[in-house]
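Below you'll find the structure, written out as structure tokens, and then a few comments.
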Amino acid sequence: MARRKRAVVGAGVPVSGQDLSGPGVAAAVGSGSTPTASWLFLGRDGRLTAYCSVPEGIARWTESEPGSTRWIGPELFPVDDWTGYAVFSQGSDGYVYFAGMRYREGAMGGREIVFATQFQTGRPLSGWHVLGNPFRGEDDGTASERLGHPFVAADGSGALHVFIHCLGHSVRTRRRDPGGNWESWAGMDNRWVRTPLVAVPTSTGSIQALATYSKGVVHWARDASDKAFRLLGRPAQPAVELTHTGLETGPGSVTFYWRHPADGQVVAYRAQADGSNAPAVLTSLGGAAGEGPVGAVRASINGYDCTVLVQRGAHGAPEVAAYPTEGEVYGTWWAPVGEACVGWPAVQVDGMGRVVLATIRPDGALWVTRQDMLDPGLAFEAWREVG
């Protein structure tokens, strides 16, 4: 991928003076500015889009056609006073939401939350909207270390939820109703939450969220009819911070994944959010050689509903595993695929129904590989550099 000096702003007009070089992208990803493995999304028109936080704003690559080997990008969407961090999330309507922070004098920790929306694949982002900082006035002089990063998720009704935590204070959330009206910030208690939340909307309209604290994890849920998130529990399950992610694995059922601090193995956790007394499922899925959060997606493999996981494994190269969805009891086997990458590899199903893996290489280039549909199992074609 050639180095580019092209950026896209508001109306999508190329401008000069922005350096979105490959090494710049790689440095941003390698420094942890893309903290989750959820950065590859399928649009309603069948095209994939990959996103990355960079010091100037958001970088984006977009398939030119569904399943095409030609991609457009990287394009840069600059953000004024950007802190260099964003979380990406997609709603059931196909919209992609971006939540991040910008520097703001007078705000707690010197930062305030901003968010934007991409309504159509390949189109410019909306303007950045300011949500402020719910911990304003509570700064005890350590806010820059205690204040977390936001997470954004859209539920099935079209409502948008933004979460932020501050260690020693609480977790807080703000909801925008389907009509576009913002409610006030609401507390979710649990003042000792140490990491940003991961929130997973479900097809039943509910939403589940999970974060870590010093003795385990904290699990919340909000049904479609609820006005607030309710605490489901604080299971004393050790978890490596910043490795948790989640996936809807059945109607209203969410499986969360994180790494166990003893050996780094991936753990799958699923608790009932409907008030039943069914015991929670906690299973080790191997992958001890890996690091960071796993990417997760459901896909049809040989006609079976399977969950596909990808991690940054031994020697920094991606590894993939698959098993029947919610069938963790059958175990997993992690297979290396590809060369060393920076950040966390992502997984998605493309517009042709194929599993796609994506990584950013040390030179800042985006590489993808797709499922080989001629193979009866889960095999992949050769990796390709996009462009």
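The values are calculated or read from the model by the stated rules, or taken from the named source; none is laboratory data. All values reported here derive from a predicted model rather than from experimental measurement. Cβ: placed from backbone, ideal geometry, glycine included. Neighbour counts: every protein chain shown. Please note that ligands, DNA and RNA were not included when accessible areas were found on the heavy atoms of the full protein model with its side chains. Shrake-Rupley method; radii C 1.70, N 1.55, O 1.52, S 1.80 Å.
Which percent of the accessible area of segment 188-264 is formed by carbon and sulfur heavy atoms (probe 1.4 angstrom)? It would help to have the intermediate numbers written out before the result.
Working: 1620 of 3170 Å².
The computed percentage sits at 51.
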Self-check item: Cα→Cβ-extended label distance, 7 Å offset, between Ser214 and Glu65, nm
Solution: 5.9 nm
Quiz item: When the helices in the chain are scored as -39500 (n - 2.57) per DSSP H run of 4 or longer and the sum is shared across all residues, what 222 nm value do you end up with, to the nearest 500 deg cm²/dmol?
Solution: -1000 deg cm²/dmol
Quiz prompt | Farthest toward positive dipole pole in the chain [+1 Lys/Arg, -1 Asp/Glu at C-beta], among Asn181, Ala379, His165 | solution = Asn181
Quiz prompt | Binned Cα-Cα distances of segment 313-387, short to long, each 10 Å bin given as a whole percent | solution = 18, 49, 29, 4, 0
Quiz item: Mind checking the log10 I(q)/I(0) for the chain at q = 0.07, 0.08, 0.11, 0.12 Å⁻¹? Debye, one equal scatterer per Cα, no solvent, two decimals.
Solution: -0.29, -0.38, -0.75, -0.91
Practice problem: Over segment 293-387, give the accessible area per residue in Å² for a 1.4 Å probe, as an integer. | Solution: 42 Å²
Quiz prompt | Residue-wise HN-Hα coupling along segment 190-207, computed from phi with Karplus coefficients 6.51, -1.76, 1.60 (Hz; x: Gly, Pro) | solution = 6, 5, 9, 4, 9, 9, x, 6, 10, 10, 10, x, 10, 6, 8, x, 7, 9
Quiz item: Ala288 versus Ser157, label points 7 Å from Cα toward the beta carbon: distance in nm?
Solution: 4.6 nm
Exercise. Quick one: which residues, 5+ away or cross-chain, put their amide H under 5 Å from the amide H of Val217? H built at 1.01 Å from N.
Key: Gln237
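Expected output is a single nm value to one decimal: the length gained when fully extending between Ala262 and Asp375, i.e. 0.36 nm times separation in residues minus the C-alpha distance. What is it?
Numbers: separation 113, 0.36 × 113 = 40.68 nm, distance 3.65 nm.
Between Ala262 and Asp375, full extension yields an extra 37.0 nm.
With every protein chain kept in place and ligands, DNA and RNA left out, what is the accessible area per residue of segment 165-277? Probe 1.4 Å, answer in Å². Please report the intermediate quantities before stating the final value.
Numbers: 4850 Å² over 113 residues.
I get 43 Å² per residue for segment 165-277.
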Practice problem: Quantify how much of the Cα-Cα distance distribution of segment 61-197 extends past 19 Å, in percent. | Solution: 53 percent
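How much length, in nm to one decimal, is gained on full extension between Arg230 and Tyr330, taken as 0.36 nm per residue of separation minus their Cα-Cα distance? All intermediate terms of the calculation are to be shown ahead of the outcome.
Values: separation 100, 0.36 × 100 = 36.00 nm, distance 3.21 nm.
Between Arg230 and Tyr330, full extension yields 32.8 nm more.
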